[in-house]
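Take a look at the structure set out below.
What follows draws every value from the coordinates through simple rules; no lab data is involved. It should be emphasised that the depicted structure is a prediction, and the values quoted were computed from it without experimental measurement. Ideal geometry is used to build each Cβ from the backbone, glycine not excepted, and the neighbour counts take in all protein chains shown.
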Number of protein chains: 2
Amino acid sequence: MKCRKCGTSAVINMRQHKLALCGEHYVEWFAGQTERVIEKYKMFSRDERILVAVSGGKDSLSLWDVLLRLGYQADGLYIGLGINAPLPYSDASLEMTHKFLASDVWRVASDESRVTDDGDASPAIRNSQFAIPNFTPTLHVVDVPATYGKSIPEISREKMRGQGRPCAACGLTKRYVMNRLAHDQGYTVLATGHNLDDEVAVLFQNTLRWQLGYLARQAPILPASHEGLTRKVKPFCRFYERETAAYALVRGIEYIYDECPHATGNQMNFHKTLLNQLETESPGAKLAFYLEFLRARGEGAFTLYNATETLHACEICGQPTSAPGRCAFCRMWDVSRVVG
Amino acid sequence: MKCRKCGTSAVINMRQHKLALCGEHYVEWFAGQTERVIEKYKMFSRDERILVAVSGGKDSLSLWDVLLRLGYQADGLYIGLGINAPLPYSDASLEMTHKFLASDVWRVASDESRVTDDGDASPAIRNSQFAIPNFTPTLHVVDVPATYGKSIPEISREKMRGQGRPCAACGLTKRYVMNRLAHDQGYTVLATGHNLDDEVAVLFQNTLRWQLGYLARQAPILPASHEGLTRKVKPFCRFYERETAAYALVRGIEYIYDECPHATGNQMNFHKTLLNQLETESPGAKLAFYLEFLRARGEGAFTLYNATETLHACEICGQPTSAPGRCAFCRMWDVSRVVG
């Protein structure tokens, strides 16, 4: 398989796009596609400060990398969940994140700025022509056990009486911490690395039960509907998981391969295997499922179900909540005064 | 596994209902469920003459059987499609249909009317207590090659220039013939044997592409929206395929096992295998997908997309059509005068 642009060996073949590319042109294509999605869904501008939620995985580190190379003011937020059994998952994830930042892979090296022999700018330059000179991103780290006194598995065991996975407690905590830090530090936009496979698995799950309220709220961009909330965006929502993995690989980004030990064998992963069979049988099926959904949503198919909740400030932390009195986070964590 | 009703050996275990039953109680349960669906969706009454579309398969023959035993005036319509290569599929299907009618399995035998030793009516009696005495159903047979001059594979090859499967031509022809005969013979309702697996596969297909117009029209009952059209109902829409097969088996109904040779390996069947994996992982998932869809539909989720087409009479056959001049059937078959 040859690169369509230059005829050298391709590193990836994207059947749904009928497009094979070499490493250099793939990185260029990937950055261009990201930029297109950011513009298409009006996610953010170069004047805004962006907070990228980084987990140490391929999606979020690639997102941070590509945003920096495209010249966005992108800082990172790592949330330490205290998931370190049976393996030090959280510790290893943080290490990968620090490594990425220290590696300088995201920095546009000065020799990349030179024009190539044939007078044409190299792809690396074209990709990074907007990169901000001398911008050094900040990594915010919020360690949940250090800040709130318990790890995610601990609080979940306590609150769920040992029933079920800690994923619900984890999701609630991460949403809270992300939103809180973004607000406190003055970020107007929070970017997550959700890829197409993630989005399609959630869409599939909500469709299987026809949860129209959830369908109404699934989108590449969720505006800040209330003072104290931050706009949420998913610039990778149209990339297959293998495409973000290929980007990380070609760019030399080291990332944590393991998924969270608590996610192994969950329903979402089972649905992903079903959807992968569908994709193998019919390349592009997942992308079509997602894009046709967005089209239907854009036409107002779910507007009726997009109830805007009345929010008020949590009596403890001041974050917007639909619950009376304390928000779900402060209730779960038994918070009686502001911490963190 | 024991029958929940009587403790003898069960013939079927329905995981999604947590219900195992012996043959006798299964037949009783199956008839009761059919009756419930007919009533719930207001499909038809015992005063109406019902036309059952029979193919010689387990679903349609079981449907005809159970309707007769429940005391409905159910006649049959067999459409000969002329699909006899590589195997005599159509001929064998017609033979099975004739066999069913001749077998008298559907007739309530007089000894079943006797009360059992313990003074209780047997399940067979309870099921058939409404059966119409001395009612003998009629079987209408419309042979497509004899009536229109060509078999379905022939007309399809001619019109499609050998491209693709004949399923589109077949569907169009069957819909036309069913509607036409129902109308000409004064049937107010047309019943088909579509089971839950069929309905869910169609629903899945339409959902993958978010075809909201199709979603708006998928229902257990489609009212006769226009003079000349017949109400269409699917009394088996809540039965899994294995449940209709089990009913046919227990009732001793012989049916054609093979599916249409043209359907082998089609996308619908591929989707069915995916959905079967979902069902195995989570029993009841298919039923929930379908019922939650009906709930959403009932709440008006797709009402916007339920465009009522303006129909007029086909200039050849007089059947309602949205096409100008001749209807799609008369165009495909190059009909210039009424036949059949």
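General remarks:
- When the Gaussian network model of chain B links Cα atoms closer than 10 Å, the mean-square fluctuations of B:Leu94, B:Leu190, B:Leu311 top out at B:Leu311.
- Annotation: lysines with alpha-carbon distance below 19 angstrom to B:Lys18 (same-chain offsets under eight excluded): B:Lys2, B:Lys5, B:Lys286.
- Along principal axes, Cα extents of segment A:21-105, largest first, whole Å: 41, 32, 22
- Each of B:His98, A:His262 was scored by other Cβ atoms within 10 Å of its Cβ. Listed from fewest to most, they are B:His98, A:His262.
- Per the Debye formula on identical point scatterers at the alpha carbon atoms of chain A, with no solvent, log10 I(q)/I(0) at q = 0.10 Å⁻¹ is -0.64.
- Distance from segment B:219-269 to segment A:243-265 (C-alpha centre basis), Å: 46
- For A:Gln211 and B:Lys40, a Förster radius of 30 Å and the Cβ-Cβ distance give a FRET efficiency of 0.80, rounded to the nearest 0.05.
- Against the compact-protein benchmark of 2.2 N^0.38 Å, the Cα-based radius of gyration of segment A:138-185 scales to 1.24.
- Within the shell of other residues whose beta carbon sits under 10 angstrom from the beta carbon of B:Arg326, the net charge comes to -1, with Lys and Arg scored +1 and Asp and Glu -1.
- This model, with +1 at the C-beta of Lys and Arg and -1 at the C-beta of Asp and Glu, gives chain A a dipole about its Cα centre of some 860 debye.
- Summarising the overall dimensions of segment B:186-340 from its C-alpha atoms, the Rg and Dmax are 18.3, 54 angstrom.
- Note on segment A:263-340: with charges restricted to the Cβ of Lys and Arg (+1) and Asp and Glu (-1), its dipole about the Cα centre is near 200 debye.
- Cα-based helix-to-principal-axis angle, A:267-281 vs chain A, degrees rounded to 10: 30
- Mean projected area in nm² (Cα convex hull; one quarter of hull surface) for segment A:155-247: 7.9
- Most mobile listed residue (B:Arg209, B:Arg69, B:Arg165) in chain B, GNM with C-alpha springs under 10 Å: B:Arg209
- Summing charges over all other residues whose Cβ lies under 12 Å from the Cβ of B:Gly149, with Lys and Arg as +1 and Asp and Glu as -1, gives -3.
- Averaged over the residues of A:99-106, the number of partner chain Cβ atoms lying within 10 Å of the residue Cβ comes to 0.
- Radius 10 Å from Cβ of A:Phe293, net charge of other residues (Lys, Arg +1; Asp, Glu -1): +1
- Crossing angle, helix B:23-40 versus chain B [Cα axis fit, 0-90 degrees, rounded to tens]: 50
- Over segment B:266-328, the hull volume per residue, using the convex hull of the C-alpha atoms, is 139 Å³.
- When chain A is treated as a GNM with alpha-carbon contacts under 10 Å, the residue of A:Arg157, A:Arg231, A:Arg242 showing the greatest mean-square fluctuation is A:Arg157.
- In percent, rounded to a whole number, the relative contact order of segment B:215-304 is 24, using alpha-carbon pairs under 8 Å and six or more apart.
- The distance between label points at A:Thr308 and A:Ala168 comes to 3.0 nm (points 7 Å beyond Cα on the Cα→Cβ vector).
- Antiparallel beta bridges, as assigned by DSSP with both residues in chain A, represent about 30 percent of the total such bridges.
- Degrees, to the nearest 10: B:241-250 long Cα axis against longest axis of chain B: 60
- Rg/Rh (Cα only; Kirkwood hydrodynamic radius) as it applies to segment B:228-304: 1.03
- Under the Debye formula (equal points on every Cα, no solvent term), log10 I(q)/I(0) of the protein assembly as shown at q = 0.06, 0.07, 0.09 Å⁻¹: -0.49, -0.64, -0.93
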